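Structure record follows, encoded as structure tokens.
Coordinate-derived values only; no laboratory data. In this text the structure is predicted, and so the values were computed from the model without any measurement. Counting neighbours? That spans all protein chains shown, and the Cβs are built from the backbone with ideal geometry, glycine included.
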Protein chains: 2
Amino acid sequence: FAPSAQDPMWGYFTAIAGQDGEVDAEELQRCLTQTGVSGSYMPFSLETCRIMIAMLDRDYSGKMGFNEFKELFTALNGWKQNFVMVDRDNSGTVEPHELSQAIVSMGYRLSPQALSCIIKRFNRGGKIYFDDYVACCVKLRALTENFRRRDTMQQGAVSFQYDDFITCSMSI
Amino acid sequence: FAPSAQDPMWGYFTAIAGQDGEVDAEELQRCLTQTGVSGSYMPFSLETCRIMIAMLDRDYSGKMGFNEFKELFTALNGWKQNFVMVDRDNSGTVEPHELSQAIVSMGYRLSPQALSCIIKRFNRGGKIYFDDYVACCVKLRALTENFRRRDTMQQGAVSFQYDDFITCSMSI
Ligand SMILES: [Ca+2]
Ligand SMILES: [Ca+2]
Ligand SMILES: [Ca+2]
């Protein structure tokens, strides 16, 4: 037996992964829609699924193996708890000022202009849904990590070559 | 009469825009799905609609007025023609090597590593659909313009402050 064969999630994973034994963005979207992990929230967009896979995809295959798949479910539960806390008035959506507060309280130091760009990008009709909240947080974290990794002197400024800038900003 | 009232597209625009007189991403998605402007291709994702609006949205409202709306239809027709040319084997999708060639022939100078990151991000099952092709091209153009605007000495390198880097890469 492979060790994973004993894991209760293994059968579920193999059913979703199909023949190639890995989960891609479309398979993930179907699975999240079926399991109802997004609760009463809207089903996940393909875009958010891609961003989540990109975050965990250490071998850059664009797909998830079993361990990455389990990590994702743990992470999703974390975001769900976080979303419920950020949604202070319990409206089921995060409003612009709630998103700003959440980003600041996660420790990001961003100007009001940057925050307003982020809100503009991720709101629908003035509200941020769970799906987009996750996409926003994952993207912000990945971009910040990319930046910090290059900011070795911690000066808050990084000199990017064009090729590196495009790779960083197009891949997440 | 406002000058736009004479325009044959005006009635169409007002019907889509609704009460606020501007077209947001969800209204655009509905309209593109109904008009079948994507032809035999898949309907546009909300993500691609947002990227297209971000591209034309000069007043940063996240919505499109009438002139932006007309510009978008012109641009979409251009991309459609371009897509048909790039899809050399007429398969209805752009394959990874076709996308690489297209990006190079548009004048972007990117390393094989950067090209492969882009392909990984925008393919579905090894194919790039029209929807994602448009998202990819618009994003690449906007990011390149953002970079060049800062690269005043044309050295191929830009020093980004953290806040500016996040604004650039999160807003498109
Ligand atoms: Ca709320
Ligand atoms: Ca509207
Ligand atoms: Ca083709």
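Overview of results
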| item | result |
| --- | --- |
| Mean Cβ count within 10 Å, highest first, over the residues of peptides B:9-17, B:47-55 | B:47-55, B:9-17 |
| Shortest-first distances to equivalent copies, position A:L56, nm, label 7 Å out along Cβ | 3.8 |
| Helix B:130-150 vs. chain B, principal-axis angle (Cα, 0 to 90°, nearest 10) | 70 |
| Per-copy distances of the B:P8 label point, shortest first, in nm (7 angstrom along Cα→Cβ) | 6.3 |
| Peptide B:115-123 - average C-beta neighbours from other chains (10 Å radius) | 5 |
| Helix B:112-122 axis, angle to chain B major axis (alpha carbon atoms, nearest 10°) | 30 |
| Amide H partners (placed H, <5 Å) of A:R124, local residues excluded | A:Y129 |
| Degrees, to the nearest 10: A:66-86 long Cα axis against longest axis of chain A | 40 |
| Subset of A:K70/A:K139; B:K70/B:K127; A:K139/B:K139; A:K63/B:K80; B:K63/B:K127; A:K80/A:K127 violating a 24 Å alpha-carbon distance limit | B:K70/B:K127; A:K63/B:K80; B:K63/B:K127 |
| Copies compared at A:M85 - label distances in nm, ascending, label defined 7 Å from Cα in the Cβ direction | 5.3 |
| Segment A:47-172, relative contact order in percent, only Cα pairs under 8 angstrom and at least six apart counted | 27 |
| Estimated inter-spin distance, A:Y12 and B:M85, nm [label 7 Å along Cα→Cβ] | 4.9 |
| Computed [θ] at 222 nm, deg cm²/dmol, chain A (DSSP H ≥ 4; -39,500 (n - 2.57); rounded to nearest 500) | -18500 deg cm²/dmol |
| Length gained when the stretch A:D163-A:R109 is fully extended (0.36 nm per residue, less Cα-Cα span) | 16.8 nm |
| B:M64 long-range amide H proximity, modeled H, under 5 Å | B:V23, B:D24 |
